[in-house]
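**Student:** What follows is a single structure, and I will ask about it in a moment.
Values quoted throughout were computed directly from the atomic coordinates according to the rules given, and no laboratory measurement underlies them. Predicted, not measured: the structure shown is a model, and the values here were computed from it. Neighbour counts are summed over all protein chains in view; Cβ atoms, including those assigned to glycine, are modelled from backbone coordinates with ideal geometry.
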Amino acid sequence: MSEWIEIGPLDEIPRLGARVIQTPQGDIALFRTRGDSVFAVQDRCPHRQGPLSQGLVHDNTVTCPLHNWEIDLESGRALPPDEGCANTYPTRVENGVVMIELATTR
Ligand code: FES
């Protein structure tokens, strides 16, 4: 079971930046790309749990601030030659409001 949860206005996420939300599944980083796409990725790098939310966003990728692994925002996968995957979550933007789909904990 899952449900869509309203996060807030798209404008509260800096373009090419991220906003972190706390959820029962742990911290999730919401990234906003240059083209205003929004991606939700677990805020823990698959390498050594670096805070991806503090990384640099370029295209649909974020570079981890700790050791520069590049993580694809859509799949959560590290780009080769690195290997690993962070959880991702479905998002959508409705009338300028960001929504995320999370598993229900009930
Ligand atoms: S913790 Fe992200 S690259 Fe090492």
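**Student:** Could you give the Stokes-Einstein D for segment 51-103 in µm² per second, using the C-alpha Kirkwood radius, 20 °C, 1.002 mPa s?
**Tutor:** Numbers: Rh = 12.1 Å.
The Stokes-Einstein estimate is 178 µm²/s.
**Student:** Rounded to the nearest 20 debye, what is the charge dipole size of the chain about its Cα centre when +1 sits on each Lys and Arg Cβ and -1 on each Asp and Glu Cβ? Please report the intermediate quantities before stating the final value.
**Tutor:** Working: 9 positive and 15 negative charges, 36 e Å.
For the chain, the charge dipole is close to 180 debye.
**Student:** For the chain, which cysteines have no second Cys with its Cβ under 4.7 Å from theirs?
**Tutor:** Flagged as lacking a Cys partner: Cys85.
**Student:** What list of ³J(HN,Hα) values in whole Hz, one per residue of segment 17-29 in order, does the Karplus curve 6.51 cos²θ - 1.76 cosθ + 1.60 (θ = phi - 60°) give from phi, with Gly and Pro shown as x?
**Tutor:** x, 8, 10, 9, 10, 9, 9, x, 8, x, 6, 10, 9
**Student:** Then there is this: Restricting attention to the alpha-carbon atoms of the chain, what are Rg (one decimal) and Dmax (integer), both in Å?
**Tutor:** Over the chain's Cα set, Rg and Dmax evaluate to 12.9, 39 Å.
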